[in-house]
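Any read-out appearing in this document is the output of simple, stated calculations on the displayed coordinates, not a laboratory observation. The structure displayed is predicted, hence computed values, not measured ones. Glycine also receives a Cβ, built like all others from the backbone with ideal geometry; neighbour counts cover every protein chain displayed.
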Amino acid sequence: MNLSKKGLSISPSSTLAIDAKAKKMKAEGLDVIGFGAGEPDFDTPEHIKKAAIAAIEGGFTKYTPASGILDLKKAICDKFKQDNGLDYTPAQIVVSNGAKHSLVNTFQAICNPGDEVIIPAPYWVSYPEMVKMADAVPVFVPTTEESGFKFTAEQIKAALTPKTKAIIINSPSNPTGMIYSQAELAEIADLAVAHGLFIVSDEIYEKLIYDGYKHVSIASINDKIKQQTIIVNGVSKTYAMTGWRIGYTASSPEIAKIMSNMQSHATSNPNSIAQKAALAAISGDQGIVATMVAAFIERRNYMVKKINSIPGLSCVTPNGAFYVMMNISQLIGSEVAGRKINGSDDFADVLLEKVQVALVPGSGFGIDSHVRLSYATSLENITKGLERIEALLKK
Ligand SMILES: Cc1ncc(COP(=O)(O)O)c(C=O)c1O
């Protein structure tokens, strides 16, 4: 039977696939060290769980407005004002089933067939597929370690065509952990305003930021760029709530209306109980953020130092999120444990097979010379996993 060409062209998420494989091996009793996780290894704070339990017990278990409950939208507006200096009204907020869903809604709302969306590479695995799902075309702009994995307004300019519709900014970035400065964002904003381009600003790692760096939302640069920006954020990473599935966007009321209409047919509304939990997360005690940041800094510092001490491997220091991009280019073309390493997939395979270490090949992020390690796992696991990698490479 003839299936959807578009559907068939969509690849599965490589990060979720690695994580699932590692979890399965663990369940089978193998001593797997997983560096694949895209989720904090902390538990959702108690006050958030209690808000969800109260929602269930209070009967808050029915359909809600498609784009989310007013209380939560108001709390999100307060968050934007307080954290980002941005004024939004509830009519500009759409609450969805995770930031992933918010991003899918965004591309569906702004793209027409053949529109081009500029994506800096390395990129988060889902962006190209989400763009394709909206019948648009991903256009990659490569970045390097030397440029801090950042693209410049100059590079974006060179990639523009009459079909360019939007630029994705993901700061702090998954997978590189890099952060754009106010000055860098201002240049990109000027370019986007001059050419009438949307900015899709994925700020999901906003609070996981280290070394005195500050998060700047590109929408806060000036009013013009704010009109053209769709901010995507959510509670998954900041509050260790990946399973609850709540994300949100802030945009012009017109875009919010389109997304809300689409969502009303696709999913009705985000889960009512999770919305109450997200409300408690955003408006309640923020203690978990400092706890996670302190742990992530300690783990990152160890990981970066250790990787750079292993012959054949290196990495630059990420300043946000919870990932390290490990450079394996020195190993490409050589043999590890009797296997020729042609790229990041081979390297990830050998590690999983020979020493039960799971990490994500860079091929899925558009950079085959690197692999991604998450440090959202205990220092003990990180130490053990890197020692296994070191011992294998020594052989
Ligand atoms: C860059 C980026 N954006 C969005 C998301 C989606 O987060 P959520 O769990 O809210 O769907 C992720 C999750 O891995 C991510 O890394």
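Placing +1 on each Lys and Arg Cβ and -1 on each Asp and Glu Cβ, with no other charges, gives region 283-395 a dipole about its Cα centre of roughly 280 debye. Helices in the chain, meaning DSSP H runs of at least 4 residues, each add -39500 (n - 2.57). Divided by all residues, the mean residue ellipticity at 222 nm is -13500 deg cm²/dmol. Annotation: lysines with alpha-carbon distance below 18 angstrom to residue 6 (same-chain offsets under eight excluded): 132.
For residue 55, neighbours were defined as the other residues whose beta-carbon sits under 12 Å from its Cβ, and their charges (Lys and Arg +1, Asp and Glu -1) total +2.
Bridgeable aspartates and glutamates around residue 354 (alpha carbons under 19 Å apart, same-chain partners fewer than 8 residues away excluded): 19, 28, 31, 335, 345, 346, 387, 390. Each principal axis of region 86-141 carries a Cα extent, and these read 33, 24, 22 Å when sorted largest first. Computed from the C-beta positions of residue 129 and residue 268, the FRET efficiency with R₀ = 25 Å rounds to 0.55. FRET efficiency for the residue 26 to residue 294 pair, using the beta carbon distance and R₀ = 35 Å, is estimated at 0.85. Antiparallel beta bridges, as assigned by DSSP with both residues in the chain, represent about 50 percent of the total such bridges. Counting only residues at least eight positions apart within a chain, or on another chain, the aspartates and glutamates with an alpha carbon under 16 Å from that of residue 79 are 71, 87, 202, 203, 206, 285. Computed packing ranks the peptides 287-295, 188-196, 334-342 as 188-196, 287-295, 334-342, most packed first, by mean other Cβ atoms within 10 Å.
If you look at the Cα atoms of region 288-395, you get an Rg and a Dmax of 13.5, 45 Å. Full extension of the segment from residue 56 to residue 261, taken as 0.36 nm per residue of separation minus the current Cα-Cα distance, would add 71.1 nm.
In terms of Cα atoms, the Rg and Dmax of region 17-103 work out to 18.2, 51 Å. Remark on the chain: hydrodynamic radius 21.7 angstrom, per the Kirkwood mean of 1/r across alpha carbon pairs. Look at the alpha carbon pairs under 8 Å that are at least 6 residues apart: their mean separation over the length of the chain gives a relative contact order of 23 percent. Applying 0.36 nm per residue to the separation of residue 214 and residue 384 and subtracting their alpha-carbon distance, the gain on full extension is 58.0 nm.
Taking 20 Å as the cut-off, the amide N atoms of region 278-305 that come nearer than this to a point 7 Å along the Cα-to-beta-carbon line of residue 47 belong to 278-295. Simple spin-label estimate for residue 144 and residue 339 gives 3.0 nm between the two label positions (7 Å along the Cα-to-Cβ direction from each Cα).
For the residue pairs 23/384; 150/237; 340/395; 237/276; 214/257, the alpha carbons lie more than 20 Å apart in 150/237; 214/257. Relative to the dominant Cα principal axis of the chain, helix 253-266 is inclined by about 70°. Working from the alpha-carbon coordinates of region 62-283, get Rg over Rh, Rh being the Kirkwood radius. Result for region 62-283 is an Rg/Rh of 0.94.
In a reduced charge model with +1 at each Lys and Arg Cβ and -1 at each Asp and Glu Cβ, the chain shows a dipole moment near 580 debye about its Cα centre. On full extension, the segment bounded by residue 5 and residue 70 gains 19.5 nm, given 0.36 nm per residue less the C-alpha separation.
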